[in-house]
Amino acid sequence: MRLLLDTSALLLALSEPERLSEASRNAIEDPASIVLVSAASVWEIAIKRALGKLEAPESVVGAIRDGGFETLDITPEHADRAGGLPPHHRDPFDRMLVAQALAEGCTLLTRDDALKDYDVEILRA
């Protein structure tokens, strides 16, 4: 399974994995799974940390790699797809994650029920 963690799921996976659903923990821990983290999530964490709205590891990229996750760059195709999504959700980071999940054939691991309005496979975090 190819999983794309949204920002909240990533933060839980790094610091409080017991708060993730059993299904999502099993999917992340499955050796056959490829677990991806978008550059958009790293960017969102950095912005919120700088604004004082979030506590997160100082080296998010290091924590991602230490967690065994792979990073997913944002491509022009992802950006184009995100811009063409219906306006079900206004958060640009979440829209990018939906676009990336669709483009890369990933299941999106999230707790955000608003993302269900998109035609993307979701696993409840």
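The values are calculated or read from the model by the stated rules, or taken from the named source; none is laboratory data. All values derive from a computational prediction rather than experimental measurement. Cβ: placed from backbone, ideal geometry, glycine included. Neighbour counts: every protein chain shown.
Hey, could you check the range 14-47 for residues that are part of a helix (DSSP H, G or I), under 13 Å from the mean Cα position of the chain (by Cα) and without any contact (Cβ under 8 Å) to a residue 40 or more places away in the chain and say which is farthest from R2 (Cα to Cα)? The residue in question is I45. If you take the residues in the range 89-107 that are over 13 Å from the mean Cα position of the chain (by Cα) and modelled with pLDDT of 95 or more, which one is farthest from S24 (Cα to Cα)? Once the filter is applied, the top-ranked residue is A103.
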